[in-house]
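Heads up, the thing below is written out as structure tokens.
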Amino acid sequence: MTGDGGAPRIELAGARVRLLPERALLLEAHATLLVADVHLGKAATLRHHGVPIPGGGTADDLRRLDIALARTGARRLVVLGDLFHARVGRDALRTRDALAAWRAAHPGLHVTLVRGNHDRASGDPPASLGVEVVDAPLALAPFLLAHHPAPVPGGYVLAGHLHPVARLAGPARQRLRLPCFHLGRDVGVLPAFGGLTGGAVVRPAPGERIFVVADGEVLPVHAPAPNLPGRRG
């Protein structure tokens, strides 16, 4: 495993990829950045339903996406499902304005959405955003890009949907839940990109790899999960 500081390069399905602390993955051969489960407009959706939550989540997520794009120089962005959380959040004025401004700042970026379950409910992005929308799987050899993490003959599946997190224990009885990349034999699951998403604890099988996102770094976790000296919850 190699990399620059907190963004390791690893081999996956015979190809080189980078795992980014922004909770994204770079396919180096394709200059393509992958993110999953962005859930833009979730705060607006919750406020619509009476949950008193502050705004700004969409802007925060887009700033983190800018950092990942600048770090990698990616020429294409593929969202592995659930770009928007719900139709009411997609149509909120603050969400629309933030996303339109972000898109205007990246006119040369090719953006593709692989539809997920929330996308089917919220509807495709407005045509003005210039987002290509496809159904799974999208082939970028040796990978098949999808939302649901199920094996597909003919390639290694990269997907989202599960919002994986790893549960770690520290030396002073700390208990941490950290977003993670969960890389199995035939399927790899990216952490949820959206800042307001929850997570499901993963229990890796023998031979699977877990990389957690912590303190601006991506770190490998070996079974059994190690203590993390110096990290406090």
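The values are calculated or read from the model by the stated rules, or taken from the named source; none is laboratory data. Predicted model only: the values in this text are computed from it and were never measured. So basically every Cβ, Gly included, is an ideal-geometry build from the backbone, and we count neighbours across all protein chains shown. Surface areas here come from the heavy atoms of the whole protein model, side chains and all, with no ligands, DNA or RNA. Shrake-Rupley method; radii C 1.70, N 1.55, O 1.52, S 1.80 Å.
Would you tell me the accessible area of R16, worked out with a 1.4 angstrom probe on the heavy atoms of the protein chains, in Å² to the nearest 10?
R16 exposes around 100 Å² with every protein chain in place.
Work through the residues other than E28 whose Cβ is under 11 Å from its Cβ and net out their charges, Lys, Arg +1 and Asp, Glu -1. Numbers along the way, then the final one.
Working: positive: R9, R16, R18; negative: E11.
Charge balance near E28 sits at +2.
Report H110's accessible area, 1.4 Å probe, all protein chains in place, as a number in Å² to the nearest 10.
Surface accessible to solvent at H110 totals approximately 80 Å².
Within the stretch 9-221, what whole-number % of the accessible surface is contributed by carbon and sulfur, with the 1.4 Å probe and all protein chains included in the calculation?
That fraction is 55 percent.
Sequence-distant or interchain residues sharing an amide H contact under 5 Å with F84, placed H: which?
Hits under the 5 Å cutoff: H39, L40.
Taking a probe of 1.4 angstrom, what is the accessible area of F181 in Å², to the nearest 10?
Taking all protein chains as shown, F181 has close to 0 Å².
Of S128, S122, which has the most accessible area and how do the rest follow, probe 1.4 Å?
S128, S122
What is the dipole size for the stretch 9-221, taken about its Cα centre, with +1 at each Lys and Arg Cβ and -1 at each Asp and Glu Cβ, in debye to the nearest 20?
420
Can you work out ³J(HN,Hα) from phi for every residue in the stretch 140-147, in order, using Karplus 6.51 cos²θ - 1.76 cosθ + 1.60 and θ = phi - 60°, giving whole Hz and x for Gly and Pro?
9, 3, x, 9, 10, 9, 8, 9
Ordering R75, R209 by accessible area with a probe of 1.4 Å, largest first, what comes out?
I get R75, R209, largest accessible area first.
How big is the Kirkwood radius of the stretch 9-221, worked out from every pair of different alpha carbons and given in Å to one decimal?
For the stretch 9-221, the Kirkwood estimate is 17.4 Å.
G188's amide H: which non-local residues (gap 5+, or another chain) put their own amide H closer than 5 Å, with H modeled 1.01 Å from N in plane and none for Pro or chain starts?
For G188, the qualifying residues are V157, L158, A159.
Hey, what's the stretch 9-221 come to in accessible area per residue, 1.4 Å probe, Å²?
44
Can you tell me the relative contact order of the stretch 9-221? Whole percent, Cα pairs under 8 Å, sequence separation 6 or more.
Relative contact order of the stretch 9-221: 20 percent.
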